[in-house]
Amino acid sequence: MEPKTKIIKSAIKVFLKKGYDATSMSDVVLESQSSKGGIYHHFKNKKDLFLQCIDFMFAEFEKWEIEMYSASQNVKEILQNYFGSLAYIHDFVCELADSTEVDVDSFYLLMMEAFTKFPEIKEKHAAAHDQSMQFLINLLIEAQKKGDIKSDLDCATLGFMVEALAEGTVLYHILNERIDLAKMGQKLFETIWNGIAVENEK
């Protein structure tokens with residue numbers, strides 16, 4: 001692992017555990033086992049480090065999403081994999097921080113803190129989310145043209161509903177950990193697919 005990546009992963013772990021305000025550069029030095037000079041060689045200050053950590057997380061999430069979509073053959077598989085991925089959110093967060101000592105709750109709390117403190121992060125996230133949403137909508141439109149899903153569906157609304165259901169389920173899981181994300185993801189997929197698939201009309 002490159003020194004800069006190691007520092008970023010270590011910083012993500014500390015930020016997830018302590019939040020932005022309570023984290024010091026000394027905490028990152030200790031966690032990454034780097035020198036203070038080594039860290040300041042790559043990052044101007046704590047804000048710069050934090051912003052680069054958020055950029056790293058966005059990039060990794062985008063990579064993960066692309067891999068998930070590319071492994072699918074049709075819109076049914078894409079939706080099944082998308083909702084199925086809810087069960088792996090925790091593993092993804094652990095991979096970001098290169099640690100099993102972090103959780104999804106901390107990830108969402110940190111993102112809320114980031115959006116509040118730094119509007120540029122919120123804008124960047126919104127742009128990335130819009131791009132992801134448009135990709136999903138285009139897939140649904142293509143599936144509609146092929147006759148795989150119903151012709152009277154509003155694909156833009158359907159795309160929004162799919163993402164809102166997925167993200168809302170993860171947030172609800174934070175409030176109620178008894179929710180089994182794997183089982184709920186499968187049920188959400190089945191409910192959506194039963195409502196939109198042409199094959200279910202026959």
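The values are calculated or read from the model by the stated rules, or taken from the named source; none is laboratory data. What you are looking at is a predicted structure, and each value in this text was computed from that prediction instead of being measured. All Cβ positions, even for glycine, are placed from backbone atoms using ideal geometry, and neighbour counts span all protein chains on display. Surface accessibility is based on the protein's heavy atoms, side chains included, excluding ligands, DNA and RNA. Shrake-Rupley method; radii C 1.70, N 1.55, O 1.52, S 1.80 Å.
Here Val29 meets each of (1) more than 30 Å from Gly147 (Cβ to Cβ); (2) not in a helix (DSSP H, G or I) with one exception, condition (2). Considering (1) closer than 21 Å to Ala164 by Cα; (2) open to solvent by 70 Å² or more (accessible area, probe 1.4 Å), the lone condition that Glu95 does not fulfil carries the number (1). Of the numbered criteria (1) surrounded by fewer than 16 Cβ atoms within 10 Å (Cβ to Cβ); (2) touching a helix residue (DSSP H, G or I) at 6+ places or on another chain (Cβ under 7 Å); (3) touching a residue at least 12 places away in the same chain (Cβ under 8 Å), the one Met111 fails is (2). The residue that is surrounded by the fewest Cβ atoms within 10 Å (Cβ to Cβ), counting only those in segment 130-173 that are closer than 24 Å to Ser106 by Cα and touching a Leu at 6+ places or on another chain (Cβ under 9 Å), is Glu163.
Can you name every residue in segment 41-54 that is assigned to a helix (DSSP H, G or I) and either touching a Gly at 6+ places or on another chain (Cβ under 8 Å) or in contact (Cβ under 8 Å) with a residue 12 or more places away in the chain (or both)? Answer for segment 41-54, where residues must be assigned to a helix (DSSP H, G or I) and either touching a Gly at 6+ places or on another chain (Cβ under 8 Å) or in contact (Cβ under 8 Å) with a residue 12 or more places away in the chain (or both): His42, Lys46, Lys47, Leu49, Phe50, Leu51, Gln52, Cys53, Ile54. Out of Glu167, Glu142, Glu190, one residue alone is at pLDDT 95 or above, within 19 Å of Met68 (Cβ to Cβ) and of a type in the set (D, E, K, R). It is Glu190. Return the pairs, sorted by first residue and then second, in which the second residue is not hydrophobic (A, V, I, L, M, F, W, C), the first residue lies in segment 168-182 and is in a helix (DSSP H, G or I), the beta carbons are less than 8 Å apart, and the residues are 6+ apart or on different chains. Pairs that qualify, where the first residue is in a helix (DSSP H, G or I) and the partner is not hydrophobic (A, V, I, L, M, F, W, C), are Thr169/Gly185; Val170/Tyr108; Leu171/Tyr108; Ile174/Asp105; Ile174/Tyr108; Leu181/Thr169; Leu181/His173; Ala182/Gly84.
Residues that are among the polar types (S, T, N, Q) and in contact with a helix residue (DSSP H, G or I) (Cβ under 9 Å, 6 or more places away or on another chain) were ranked within segment 35-73; the one that is modelled with the highest pLDDT is Asn45. Screening Glu120, Glu101 for residues that are part of a helix (DSSP H, G or I), at pLDDT below 95 and acidic (Asp, Glu) leaves exactly one candidate, Glu120.
Any residue at all in segment 53-71 that is of a type in the set (S, T, N, Q) and crowded, with 16+ Cβ neighbours inside 10 Å? Scanning segment 53-71, I find no residue that is of a type in the set (S, T, N, Q) and crowded, with 16+ Cβ neighbours inside 10 Å, so the answer is no. Answer yes if at least one residue in segment 63-75 is under 16 Å from the mean Cα position of the chain (by Cα), in a helix (DSSP H, G or I) and touching a residue at least 60 places away in the same chain (Cβ under 8 Å), and no otherwise. Within segment 63-75, one or more residues are under 16 Å from the mean Cα position of the chain (by Cα), in a helix (DSSP H, G or I) and touching a residue at least 60 places away in the same chain (Cβ under 8 Å).
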